[in-house]
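The values are calculated or read from the model by the stated rules, or taken from the named source; none is laboratory data. Bear in mind the structure is a predicted one, so any value in this text is a computation, not a measurement. Virtual Cβ from ideal backbone geometry, glycine too; neighbours counted across all protein chains shown.
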Amino acid sequence: MGMTVRDTTMLYLSQMMGKPVVDIQGEKIGTISDLAISTGEVFPRITSLAFQGPGKVPFMISWRKYVDTFDEDGITLNAEAHDIRFSYLQPDEVLLARDLLNRQIVDTQGLKVVRVNDLKLSVSGSQLRLLGAEVGVRGILRGLASWLERAVVAVAKVFGKKIDEQIIAWNYMDLLDRDLSEVQLSVTHRRLDELHPADVADILEQLDPQQRANVFQHLDDAQATEAISEMDDEYQADFIEDLDDARAAGLLGSMDPDDAADIVRDLSYEKAETLLRLMGVEDATEIRRLLGYKDGTAGGMMTTQFVAVKADNTVGETIEVLRELDDDHPTLHYVYGLNEYDEFEGVLSLRTLVLTDDARPVGDVMYEDVISVPPDETEEDVAADIFKYELPAMPVVDEHGVLLGIVTVDDAWDAIEEDVSGDKTKATALKAVGIVLASLLFLGLYTLVLLQVIGYAGR
């Protein structure tokens, strides 16, 4: 009989623990005590079912061979109780509740990251697979009672807050050691090299400064630069402050000048000056120039990494300029044309470059009716224009017509997100009475969670 699943795509270990196990006749033969996985897969399938029979006698059976249906209400087997043959845990199998739940996720040097509060399971066809570890507060609440999780999430939503799941995918973890008393999970340094920079940033943000610095030593400069760029703004400056001066200066110098300037702006004056003096002259000059513009303006958000050529350059000469760009040059949207006095004249799309004869001058084919902004334009107005006119980038031009930099659509998105965040803060402030009431409710719930955590820690 083929295995089926009833009306669900995601399950949690906490939901299944203690639920009934019944045979094909509907007779209850025990309660779920654990699930086993085979650790050799990217998203490992559940391979064995552990349950307690009458008198709390432990049993284990093959999941593939005997499980027919499963959901948060329990498991139904495809055989009668007397026809079931019991099995044993295999060397490559790990029990989720016994070996993983409430354990710490650490790196290979034993650096603490987070606690495994629950385990998220995914239905894949007729199989149940481990998706990852829930390391956030929702896992704690769900472990106390599913209704408590739903209540807290609902109340938070009423007051404009969102409590997201925090899932560390299984393929980002390694088992360092396994015995019956201790299993350590690892986001290993080997795997850090393989992760997307955004995932590395998430991991680094969870560590204390000393631990973060230790892990950071195992990243090369390119990986480190990308990870810092993906960090939330509130972490970036603190992170740079914690690095030794030489490494910090080198990383800032390898970043996009606008991103580096944003970080330097949040550093202490002494630290900022120290790092700028240690940088290359060209990098430091670019960052200092950007620091001269007010935060929240076009000048403060623009990047100076763009390609500009003289209008009398040929298309072929311009293509050669593009070919000589460094591999790490930011995404190129336009080539910007300048007149003989280095004043901004127009833009040339890459499509036009490719389709135009190499001998034609850039000035003959570039688009001159270009929307630009002065450096003191507010970032909100710049973002609004970028999205209104559907521009991938907007030039920033001074009063003399000199091209100072460009604001990309990514920077515009960042400005909008900050603005929305600010609006939400203001709106929340107008609900003072509601906040007080919500705080009282959350205080009670937090107390329950805290007591549970203390209880776990004392085990």
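Of everything in the range 276-287, what is surrounded by 15 or more Cβ atoms within 10 Å (Cβ to Cβ) and not β-branched (Val, Ile, Thr)? Give them in sequence order.
The first filter runs over the range 276-287 and keeps only residues surrounded by 15 or more Cβ atoms within 10 Å (Cβ to Cβ), leaving 276, 278-279, 283-284, 286-287.
Matches in the range 276-287: 276, 278, 279, 283, 284, 286.
Only one of (1) over 30 Å from residue 138 (Cα atoms); (2) free of Cβ contacts under 8 Å to residues at least 60 places away in the same chain fails for residue 56. Which number is that?
Here residue 56 meets the rest and fails (1).
Checking residue 421 against (1) modelled with pLDDT under 90; (2) more than 26 Å from the chain's Cα centre (by Cα); (3) among the polar types (S, T, N, Q), which single condition isn't satisfied?
With (1) modelled with pLDDT under 90; (2) more than 26 Å from the chain's Cα centre (by Cα); (3) among the polar types (S, T, N, Q) applied to residue 421, the lone miss is (2).
State which residue is farthest from residue 303 (Cα to Cα) when the search covers only the range 383-405 and only residues that are under 27 Å from the mean Cα position of the chain (by Cα) and surrounded by 14 or more Cβ atoms within 10 Å (Cβ to Cβ).
Here the answer is 384.
Quick one: which helices (runs of 4 or more DSSP H) sit completely within the range 241-292 and have at least 3 residues that are within 27 Å of the chain's Cα centre (by Cα)?
Fully inside the range 241-292 and qualifying: 245-254, 257-265.
Consider residue 261 carefully, then state whether it is touching an Asp or Glu at 6+ places or on another chain (Cβ under 6 Å), modelled with pLDDT of 90 or more and among the hydrophobic types (A, V, I, L, M, F, W, C). If you could, list the steps in order and put the result at the bottom.
Numbers: touching an Asp or Glu at 6+ places or on another chain (Cβ under 6 Å): no; modelled with pLDDT of 90 or more: yes; among the hydrophobic types (A, V, I, L, M, F, W, C): yes.
Taking the combined requirement at face value, the residue does not satisfy it.
Could you list all residues from the range 317-330 that are in contact with a strand residue (DSSP E or B) (Cβ under 8 Å, 6 or more places away or on another chain), in contact (Cβ under 8 Å) with a residue 40 or more places away in the chain and either exposed (fewer than 13 other Cβ atoms within 10 Å of the Cβ) or of a type in the set (S, T, N, Q) (or both)?
Within the range 317-330, 318 is the sole residue that qualifies.
Only one of (1) surrounded by 20 or more Cβ atoms within 10 Å (Cβ to Cβ); (2) out of contact with any strand residue (DSSP E or B) (no Cβ under 8 Å at 6 or more places or on another chain) fails for residue 303. Which number is that?
With (1) surrounded by 20 or more Cβ atoms within 10 Å (Cβ to Cβ); (2) out of contact with any strand residue (DSSP E or B) (no Cβ under 8 Å at 6 or more places or on another chain) applied to residue 303, the lone miss is (2).
Sort out which residues of the range 237-270 are among the hydrophobic types (A, V, I, L, M, F, W, C) and surrounded by fewer than 16 Cβ atoms within 10 Å (Cβ to Cβ), and write them in order of number.
Kept after step one, since they are among the hydrophobic types (A, V, I, L, M, F, W, C), are these residues of the range 237-270: 237, 239-240, 243, 246, 248-249, 251-252, 255, 260-261, 263-264, 267.
Residue satisfying the conditions is 246 alone.
Looking at 234, 194, 273, 226, can you tell me which residue is of a type in the set (Asp, Glu), loosely packed, with under 14 Cβ neighbours inside 10 Å and at pLDDT 85 or above?
273
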